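The values are calculated or read from the model by the stated rules, or taken from the named source; none is laboratory data. Small disclaimer: the values here were computed from a predicted structure and weren't measured. Note: ideal-geometry Cβ built from the backbone for every residue, glycine included; neighbour counts use all protein chains shown. SASA here: full protein model, heavy atoms, side chains in, ligands and nucleic acids out. Shrake-Rupley method; radii C 1.70, N 1.55, O 1.52, S 1.80 Å.
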Amino acid sequence: MIYAVIGDIHSNYDALTAVVNEIKKEHVDKILCIGDIVGYAAEPAKCIDLVRELNCTVVAGNHDYATVGKFPVEYFHQDARTAVLWTAEQLSAESLIFLKNLPLVEGLNGITLVHASLKHPEFFDYITTVATAQNSFEMLKTPVCFYGHTHVPLAIFCNKETMHVDRGQVFDLNNADNVLINVGSVGQPRDWDMRAACAIYDTEKKVVRIKRVKYNINDAVGKIYAAGLPSVNALRLKEYAI
Ligand code: ZN
C-alpha cells in the first residue's frame, strides 16, 4: 500500500489543492489526515469538503475541536483564537458535525494516527524531542504512528531501549521497532521552508518520504487579508515567526 499523510492544513486551500495534485502522481491508495483541517487561514469549508471528498481517514486537531467547542479556545493565542471564532461562523451545520465527530486516535494496517501525542491526546501536548516522545511510545500499539501539531517534519525512532530523532526527509523503517513520524504541515510550515509538506509511506518498501510542494502563497495570503483575519496569520505563510 502507498499512503499519503497530510495534516495541519489550517484552512489553506491553495496549499491543500497543490498537495493533492502531487499526491495523485504518487499512485496513492489511501490518504490519511492527522487533523487541524481548519484554523488560521481563509477557506475552512473548502478544505473540509475536499478532505471528505478524498475519503481520508481523519483524526481531530486542537483547532478542529476548538471550532466546535470541544477544546477551550482560551488556550489559544489571540490570532489563533480570532480565526477559530471566525471559522465557526463560516461553516455549515454539516461541517461542524463532521469536526465534532472526529476521533482523537485512529488505527489501521499497523498505523496509528494522532494529532499531537498519545498519552492524553485530548491535551494536545507537543512531541519535539525524545523526552517528550517517551510517554507516547508507552501507549503505541502499532509499529508506526503519524502525528503533527508542531508543523515541523521529523521522525523519532525507538529501538529496544534506545531512541533517536531523525530530521531528514527520508525515513527507512526496515530496522525500526517503533517510530513516531511528524508529517509537517500542509498549510502553515514552521521549519523555514515555505513549501507545503506531507508524507508518502510505502508499506512494502517500509520507507516514509517527506514531500515538499510549491503552491501559490500570494493567493492564500490575499484571501486571509480579504477575510479580515489577523495579518500575522498571512505573514506566517511567507516567513515563519512565532
Ligand atoms: Zn496545527
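A few comments on the model shown:
- Matching residues in the stretch 94-109 - criterion: being open to solvent by 70 Å² or more (accessible area, probe 1.4 Å) and farther than 25 Å from residue 142 by Cα: 94, 97, 100
- Test: residue in the stretch 162-171 that is within 18 Å of the chain's Cα centre (by Cα) and among the basic types (Lys, Arg): yes
- Which listed residue is touching a His at 6+ places or on another chain (Cβ under 8 Å) and among the β-branched types (Val, Ile, Thr), from 48, 23, 34: 34
- Residues within the stretch 119-152 that are more than 16 Å from the ligand (Cβ to nearest atom), within 19 Å of residue 166 (Cβ to Cβ) and either of a type in the set (Phe, Trp, Tyr) or in contact with a helix residue (DSSP H, G or I) (Cβ under 6 Å, 6 or more places away or on another chain) (or both), tallied: 1
- Some residue of the stretch 10-21 being at positive phi and crowded, with 24+ Cβ neighbours inside 10 Å: yes
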